[in-house]
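Just so you know, all these numbers are worked out from the coordinates, no wet-lab data involved. Keep in mind the model is a prediction, meaning the values are calculated, not measured. Heads up, the Cβs are rebuilt from the backbone with ideal geometry, glycines too, and the neighbour counts pull from every protein chain shown.
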Number of protein chains: 2
Amino acid sequence: MGIAKESSTIQMNKQFALAQCPVTHLMEKIGSYWKPIILYHLSTGDKRYSELKRAIPAITEKMLIQHLKQLEADHLLIRESKPVVPPFVTYRLSKAGYGLLPVIQAMADWSFKDMDGAFQ
Amino acid sequence: MGIAKESSTIQMNKQFALAQCPVTHLMEKIGSYWKPIILYHLSTGDKRYSELKRAIPAITEKMLIQHLKQLEADHLLIRESKPVVPPFVTYRLSKAGYGLLPVIQAMADWSFKDMDGAFQ
DNA sequence: ACAAGTACTTACTCCAAAGTATGTATCATG
DNA sequence: CATGATACATACTTTGGAGTAAGTACTTGT
């Protein structure tokens, strides 16, 4: 396997990385600051839009709805809206979203251990 | 626990979120595109700087060294340099870094399943 | 003498992600 | 009659994360 001299761009390399590295594949879907946090809050049960907003005070409405849309487009969660007024919209994890729970859980576990000083 | 009206900024909210949400705590440390990928490559064994560079062709040298420094500052990996010439620098996971392996492994597992269509 | 390999550093630029600040439709409530 | 709650949308601005490109110091190989 020779090293390709300089014939490829970063974008082509990214395609290569995608094919080679599984973590890269996941990062393309939840690799942002807010997405795992949103998924964490949905892991404890379905939530309305406003419940998520209150659960994550640091996020702006624009970011929240943007990431919810992206997560929905990536089939990680399902949006359900009842045609009533005031609107009643619920978000819940999809099958693939539930599949992410071990990741989210492992993240939470690590954090609790780290905050307890278990790694010092 | 009343809801504080509008007296706090996003930054203050972020502090709050940090205290409340474990996933947020982790995202502050590895919440970037490249860091989990770097950790994944170190999970299979210690690596020299140039080995990481070749293992992750899509990353630029600047990004690689920048993230390595940050991961070192966050005590997730350990840098060891032998005072020889040419330089010989090795990176390996710290205790906290090893603690992240379940997270990385869960990420990889999910990706393989997702690529196999297990979630469709 | 000059290129190549090692592990970086620094300066400059750029674009997309994120923040700020509004607007919208509908109904209940005071 | 105006405010609040709901679940968004949209325009504008800003920031910082990321890319490009070049340089550094030292030695080995040809």
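When each of the peptides A:23-33, B:66-76, A:109-119 is scored by the mean number of other C-beta atoms lying within 10 Å of its residues, the order from highest to lowest reads A:23-33, B:66-76, A:109-119. Less than 5 angstrom separates the built amide H of residue A:48 from those of A:91, all sequence-distant by 5 or more or on a different chain.
Compactness of segment B:33-105, taken as the C-alpha radius of gyration over 2.2 N^0.38 Å, stands at 1.03. The string of couplings for segment B:71-85 from the Karplus curve (6.51, -1.76, 1.60, θ = phi - 60°) is 5, 5, 4, 8, 6, 9, 9, 10, 9, 10, 10, 8, x, 10, 9 Hz, one whole number per residue in order, with x for Gly and Pro. On the beta carbon distance between residue A:113 and residue A:82, with R0 = 45 Å, the FRET formula returns roughly 0.65. Peptides A:53-60, B:46-53 ranked from most to least packed by the mean count of surrounding Cβ atoms within 10 Å: A:53-60, B:46-53. In this rough spin-label picture, where each label sits 7 Å from Cα along the Cβ direction, the residue B:94-residue A:50 distance is 4.4 nm. A straight Cα-to-Cα reach below 13 Å connects residue A:95 with the aspartates and glutamates A:72, A:74, B:114, residues fewer than 8 places away in its own chain not being considered.
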